[in-house]
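See below for the structure under consideration.
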Amino acid sequence: MKFTDEIAEEIKAAAGKTGLARVTPDRRILHAAPVTNEGAALILKIATRERIVVRTRLFPYGAEESAQFHYRVIQLDLSRLAGVIEYSPEDFTIHVRAGTPLRAIQEAAAAASQWLPVDPPADNALSIGEVIAKNEAGPRRTGYGPIRDHLLGAVIATPNGNILKTGGAVVKSATGYDLHRLQAGALESLAVGLEYILRLRAKPEAAATIAVECQDRGTAIEKALRVRDLIDHPAALFIISDLVGPTRVVVRYEGSQAAVDVATERARPVLGPNRVEPAEGDKLLMAARDGGLEPGFRTPGRSPITLRIGSRPSRIQLALHAVTLVMEKVHKPVAACIHPSIGVADLWIPKPENADPRQILNEARAELMKLGGGFARLRRPFETHGGEPQPSWPDSAAYAVMARLKQSSDPLQILNPGVLPFPAPADAFAPDVPPPEQAPAARPSGASAQPAGH
Amino acid sequence: MAHSTPVPTSHADPVVQELVAALGENSVAADRDTLLAYECDGLALYKQRPRMVIWPNSTEQVSAAVRILHRFGVPIVPRGAGTGLSGGATPVENGALIQLSRMKRILDVNPTDRMARVEMGVINADLSAHVARFGLAYAPDPSSQTACTLGGNVAENAGGPHCYKYGATSLHVLSLKVVLSNGNITELGSPDADPIGYDLRTLFIGSEGTLGIATEAWVRLIPKPEIVETWLAPFASMDAACKAVSSIVASGIQPAAIEILDDRTIAAIEASVFAAGYPLDAAAVLLVEVDGAPIEVGRDGERIRGICQQFGALNIQFARDEDERKRLWKGRKGAFGAMGRVAPDLYVMDCVVPRSKLPAALDAIREICDRYKVRNANVFHAGDGNLHPNISYDGRDADETKRVLAAGEEIVKMCVALGGTLSGEHGIGIEKNIYMPLVFGAGELDAFANLRRAFDPDGLMNPGKVMPAALCGEIAGAMKR
Ligand SMILES: Cc1cc2nc3c(=O)[nH]c(=O)nc-3n(C[C@H](O)[C@H](O)[C@H](O)COP(=O)(O)OP(=O)(O)OC[C@H]3O[C@@H](n4cnc5c(N)ncnc54)[C@H](O)[C@@H]3O)c2cc1C
């Protein structure tokens with residue numbers, strides 16, 4: 001069950017003349033980078049017809065990992081589907097292809113003093129498709145919300161090769177079902193995003209960052225929540241305890257110069273006169289953004305184990321404490337970046353030789369359940385192949401709805417299987433998707449790709 | 001309307017018998033007189049008598065009722081206050097109406113987390129009134145907020161004037177307790193951040209009662225702004241008012257609300273109990289509100305005034321105190337009510353265009369309405385490009401009603417042609433389900449039908465709403481059973 005010349009050629013044709021389709025020497029991974037929406041959709045259609053697993057660009061390392069579970073894997077790379085389709089500064093909307101790097105969107109918007117107020121990791125290098133699929137966010141999520149809140153519409157390709165369009169270039173809509181927002185955080189397991197329409201905002205005229213050292217995380221959280229209770233709404237409010245420097249509470253205000261000055265003044269009784277230089281402020285935001293992620297974010301093999309905790313302001317301290325204890329069993333000390341006003345924290349340790357991240361995740365979830373709720377996930381999506389640990393799954397009725405959604409959109413479970421723990425239908429395992437116990441041996445990592453048919 | 005005294009029911013109906021046994025005599029009605037009051041919602045153009053009305057008082061009662069209805073294959077229509085304007089709560093033939101008005105408890109307010117747990121029959125304005133003591137507010141503020149329920153708001157993803165800054169309902173609901181069409185109770189989303197799995201909460205919000213019945217929610221509360229300033233700027237032309245809006249938005253100022261009312265709306269308001277002192281000689285007025293820190297509000301207010309003057313606004317009114325602010329808003333919030341006095345019936349439309357297309361859309365609306373000889377007035381959320389063309393008519397006049405509907409159809413098509421869409425906040429319901437193919441192809445409609453089936457495999461939830469019945473065959477499916 002390897003890629004035959006015929007299928008490789010068919011996918012190559014779908015990728016288009018300027019597109020790319022290369023198969024690895026062992027003929028088990030086919031890297032395809034189509035240049036049109038239709039080409040991408042056709043590749044999905046072929047994959048469904050042939051029951052070939054598709055890994056999208058979100059998982060650049062995932063194809064190798066997937067090959068441990070599946071006979072053949074198409075790695076679908078949308079980076080050539082990039083560029084701004086339409087930018088309407090007067091309507092504050094931008095329509096882009098999914099492979100467009102966030103940086104390109106920010107540059108286009110900057111021309112009209114606008115921006116997309118999200119700051120996911122990797123310095124705007126991620127494509128907008130990746131950001132949306134992971135609902136990825138950085139410290140500015142406190143002030144501006146996650147990418148889902150800025151999403152107005154999408155063009156998506158479903159595993160059966162259909163291209164669907166929902167939402168549009170209007171900033172408000174109550175028309176039909178929000179299929180586009182459903183893609184945010186779905187890890188491209190329902191459909192593949194091809195284009196997105198996003199709402200932009202006016203770029204703030206000024207910014208100020210205040211940072212103050214604290215003895216411990218508890219004091220820092222308490223201080224941060226006092227800042228949250230001030231009348232001014234921060235763009236970011238976090239505690240960085242990354243073991244590189246001291247534990248610090250950082251607040252960032254953005255807006256008009258006057259508003260920023262007033263907010264800074266009002267935060268003084270809590271944080272003191274600790275406004276930092278703009279460059280230092282930007283550095284702190286970057287540290288919060290990229291904390292717990294290896295340099296470059298997408299480099300395989302070197303990642304620390306990073307858990308993202310989802311809780312609520314009143315419980316974040318307890319949640320942190322419980323999960324820290326779990327992680328300390330593997331490595332001490334545990335670094336953290338905490339966003340207390342939205343109840344989110346990242347905790348990370350360097351990856352020790354023999355630690356199983358899933359085991360740590362399981363234990364963390366069990367601890368959170370004991371506290372009465374909260375979520376934990378590994379920051380980097382990985383293939384669990386049904387091994388996703390309980391217990392922080394939605395209740396069974398919601399789970400059944402999710403499974404039916406997946407089933408109706410991707411009946412053969414070819415699309416990024418295993419990233420969310422939906423049981424695959426029995427027939428989807430044969431012959432291309434063997435159950436884990438019958439999986440082919442993992443191919444050696446790092447084998448280079450060759451053009452299809454060679 | 002909930003009944004506190006027992007209501008007569010039609011005991012001949014076995015479904016009613018079971019419902020009465022499960023929920024009690026005073027929670028079910030099937031008599032003609034009671035049913036008459038539930039024939040339509042705020043869209044009086046369409047009427048259908050339900051088979052029965054049910055008033056549960058808890059999630060468990062909703063679940064029990066739904067299990068019975070599911071077993072008998074009776075279609076289910078959830079209903080809040082019935083203020084919906086797209087016919088979403090219009091009963092379906094032989095169907096049950098589940099009225100959530102008895103579920104109006106505010107169960108928990110957590111000021112630290114800025115959240116509240118509420119039942120879905122809570123009236124929108126009651127929540128803000130309740131949490132005001134904590135310096136908090138619930139942001140979505142539909143103009144119907146003194147009557148509509150949070151459940152109806154969730155189902156329609158309701159907006160309101162202040163949604164320009166704060167966003168519509170979907171940004172303010174963290175989780176929902178939902179009864180699915182088989183009676184199962186589930187939780188979508190979570191008050192804790194980042195729940196795992198697909199975002200079913202977002203999908204449910206705006207689904208118009210077609211995916212299940214929301215019974216409770218954790219909602220987000222926002223701190224009340226430090227100060228608020230409200231301005232009313234009259235313009236000699238609608239075009240100038242729209243240009244002023246574009247210029248305000250482009251300047252980077254983020255007003256809390258930015259609304260336009262045209263001359264005919266002003267005339268109706270000033271002749272009604274909602275009279276707010278709007279100038280009768282203006283072609284349009286712009287109602288703008290800014291909120292936040294005093295220094296910023298002062299500065300933004302000045303800039304807005306400057307922009308309005310630049311586009312020819314005269315005699316700009318500024319609300320000097322809360323009473324004046326309330327007066328200025330009274331006209332806007334009462335606009336539909338005021339227009340209701342112009343003729344026996346009012347068709348309140350709702351569509352959206354990109355903001356830059358507002359002047360073109362408004363010109364086209366006037367032209368269309370003049371051509372069909374129907375009386376139109378406009379009041380709209382200008383910042384969002386969300387139009388409410390209102391047409392006053394007499395429903396007893398069949399010819400006029402026909403012209404109203406024909407004009408409505410042209411308006412919808414025109415908005416879509418300008419890059420807009422069918423609805424900004426009132427939803428599709430039965431008013432616009434036939435227009436869905438204008439904006440969606442067969443593939444999208446098919447995906448919507450699949451999505452509905454994932455929640456409601458038997459097609460019992462609000463069949464025929466949102467999607468043209470013929471396209472997904474839901475009513476037929478439900479009736480067969
Ligand atoms: C004068 C006036 C002004 C208005 N102004 C605005 C405005 O500014 N912004 C705006 O968005 N709308 C506005 N509306 C429209 C309407 O008020 C809103 O759509 C409101 O959200 C409906 O709430 P309701 O409780 O009346 O719901 P209903 O009319 O009873 O129902 C509306 C829809 O929600 C469904 N539903 C109700 N409760 C539930 C539930 N618990 N679970 C699942 N589904 C449910 C129904 O089946 C139906 O499809 C206005 C209406 C009027 C009459």
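The values are calculated or read from the model by the stated rules, or taken from the named source; none is laboratory data. This is a predicted model, so every value here is computed, not measured. As a convention, Cβ positions derive from the backbone with ideal geometry for all residues, glycine included, and neighbour counts pool all protein chains shown.
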(Q) Going through A:ASP149, A:ASP119 one at a time, which residue ends up being closer than 27 Å to B:PRO223 by Cβ and away from chain B (no Cβ under 14 Å)? (A) A:ASP119
Q. Is one or more of the residues making up the range B:71-92 more than 8 Å from the ligand (Cβ to nearest atom), assigned to a helix (DSSP H, G or I), under 30 Å from B:GLY459 (Cα atoms) and free of Cβ contacts under 8 Å to residues at least 12 places away in the same chain?
A. yes
Q) What is the one condition in (1) among the polar types (S, T, N, Q); (2) at the interface with another protein chain (Cβ under 7 Å from one of its Cβ atoms); (3) over 17 Å from the mean Cα position of the chain (by Cα) that B:SER181 does not satisfy? A) (2)
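Yes/no matrix, rows are residues, columns are (1) among the aliphatic types (A, V, I, L, M); (2) surrounded by fewer than 16 Cβ atoms within 10 Å (Cβ to Cβ):
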| residue | (1), (2) |
| --- | --- |
| B:PRO14 | no, yes |
| B:VAL20 | yes, no |
| B:TRP55 | no, no |
| B:THR59 | no, no |
| B:VAL66 | yes, no |
| B:VAL74 | yes, no |
| B:ALA89 | yes, no |
| B:ARG102 | no, no |
| B:ARG105 | no, yes |
(Q) Against the definition (within 16 Å of the ligand (Cβ to nearest atom) and away from every other protein chain (no Cβ under 11 Å)), how does B:VAL228 come out, yes or no? (A) no
Q. Does B:GLU60 count as outside the structural domain of B:ALA214 (by TED's automatic domain parsing), at pLDDT below 95 and not basic (Lys, Arg)?
A. no
Q. With respect to B:ALA417, is the statement that it is away from every other protein chain (no Cβ under 14 Å), closer than 22 Å to B:ILE365 by Cα and either surrounded by fewer than 19 Cβ atoms within 10 Å (Cβ to Cβ) or in contact (Cβ under 8 Å) with a residue 60 or more places away in the chain (or both) true?
A. no
Q) Which numbered condition trips up B:ASN157, out of (1) at the interface with another protein chain (Cβ under 7 Å from one of its Cβ atoms); (2) closer than 20 Å to A:ARG312 by Cβ? A) (2)
Q: Being within 15 Å of the ligand (Cβ to nearest atom) and either modelled with pLDDT under 95 or out of contact with any strand residue (DSSP E or B) (no Cβ under 7 Å at 6 or more places or on another chain) (or both) is the filter here, so list the residues in the range B:203-223 that pass it.
A: B:LEU203, B:GLY206, B:SER207, B:GLU208
Q) So is B:ALA268 touching a helix residue (DSSP H, G or I) at 6+ places or on another chain (Cβ under 7 Å), within 16 Å of the ligand (Cβ to nearest atom), more than 14 Å from chain A (Cβ to nearest Cβ) and within 30 Å of B:VAL178 (Cα to Cα) or not? A) no
Q: Select from the range A:126-159 the residues that are in contact with a Pro (Cβ under 7 Å, 6 or more places away or on another chain), free of Cβ contacts under 8 Å to residues at least 40 places away in the same chain and either surrounded by fewer than 22 Cβ atoms within 10 Å (Cβ to Cβ) or assigned to a helix (DSSP H, G or I) (or both) and list them in ascending order.
A: A:VAL131
**Q.** Single residue of A:ASP216, A:ASP229, A:ASP242, A:ASP282 found to be within 26 Å of the chain's Cα centre (by Cα), within 19 Å of A:GLY343 (Cα to Cα) and surrounded by fewer than 21 Cβ atoms within 10 Å (Cβ to Cβ)
**A.** A:ASP242
(Q) Consider the range B:152-178. How many of its residues are near the ligand (Cβ under 7 Å from one of its atoms), within 18 Å of B:VAL466 (Cβ to Cβ) and assigned to a loop (DSSP other than H, G, I, E, B)? (A) 2
Q: Look at B:GLU259 and say whether it is within 16 Å of the ligand (Cβ to nearest atom), within 14 Å of chain A (Cβ to nearest Cβ) and within 26 Å of B:MET115 (Cβ to Cβ).
A: no
Q.
Restricting to the range A:364-395, and then to whatever is facing another protein chain (nearest Cβ under 8 Å) and out of contact with any Gly (no Cβ under 9 Å at 6 or more places or on another chain), can you tell me which residue is modelled with the lowest pLDDT?
A. A:ASP395
Q | Residue ID - nearest to the ligand (Cβ to nearest atom), chosen from residues in the range B:105-145 that are in a strand (DSSP E or B) and among the acidic types (Asp, Glu) | A | B:GLU119
Q: Look at the range A:342-352 and say how many of its residues are at pLDDT 95 or above and either assigned to a loop (DSSP other than H, G, I, E, B) or more than 18 Å from the chain's Cα centre (by Cα) (or both).
A: 1
Q.
Condition check: in the same structural domain as A:SER173 (by TED's automatic domain parsing), in contact with a Gly (Cβ under 9 Å, 6 or more places away or on another chain) and without any contact (Cβ under 8 Å) to a residue 12 or more places away in the chain. Does A:ASP91 satisfy that?
A. no
Q | Identity of the residue in the range B:371-392, among the polar types (S, T, N, Q) and within 11 Å of the ligand (Cβ to nearest atom), that ends up nearest to B:GLY337 (Cα to Cα) | A | B:ASN390
Q. Going through the range B:344-370 one residue at a time, which ones are more than 13 Å from chain A (Cβ to nearest Cβ), buried (at least 18 other Cβ atoms within 10 Å of the Cβ) and of a type in the set (Lys, Arg)?
A. none
Q: Determine if the range A:291-310 includes at least one residue that is without any contact (Cβ under 8 Å) to a residue 40 or more places away in the chain and within 14 Å of chain B (Cβ to nearest Cβ).
A: no
Q | Selection from the range A:136-146 of residues that are at the interface with another protein chain (Cβ under 10 Å from one of its Cβ atoms) and either closer than 24 Å to B:THR421 by Cβ or out of contact with any Gly (no Cβ under 9 Å at 6 or more places or on another chain) (or both) | A | A:ARG141, A:GLY145, A:PRO146
Q: Sort out which residues of the range B:377-393 are of a type outside the set (A, V, I, L, M) and within 14 Å of chain A (Cβ to nearest Cβ), and write them in order of number.
A: B:PHE380, B:HIS381, B:GLY383, B:ASP384, B:GLY385, B:ASN386, B:HIS388
Q: Look at the range B:369-413 and say how many of its residues are within 26 Å of B:LEU287 (Cα to Cα) and among the hydrophobic types (A, V, I, L, M, F, W, C).
A: 9
Q.
For the list (1) out of contact with any strand residue (DSSP E or B) (no Cβ under 6 Å at 6 or more places or on another chain); (2) in a loop (DSSP other than H, G, I, E, B), I need the number of the one condition that A:PHE3 fails.
A. (1)
Q: Give just the number: which of (1) within 14 Å of chain B (Cβ to nearest Cβ); (2) modelled with pLDDT under 95; (3) in contact with an Asp or Glu (Cβ under 6 Å, 6 or more places away or on another chain) does A:PRO246 not satisfy?
A: (1)
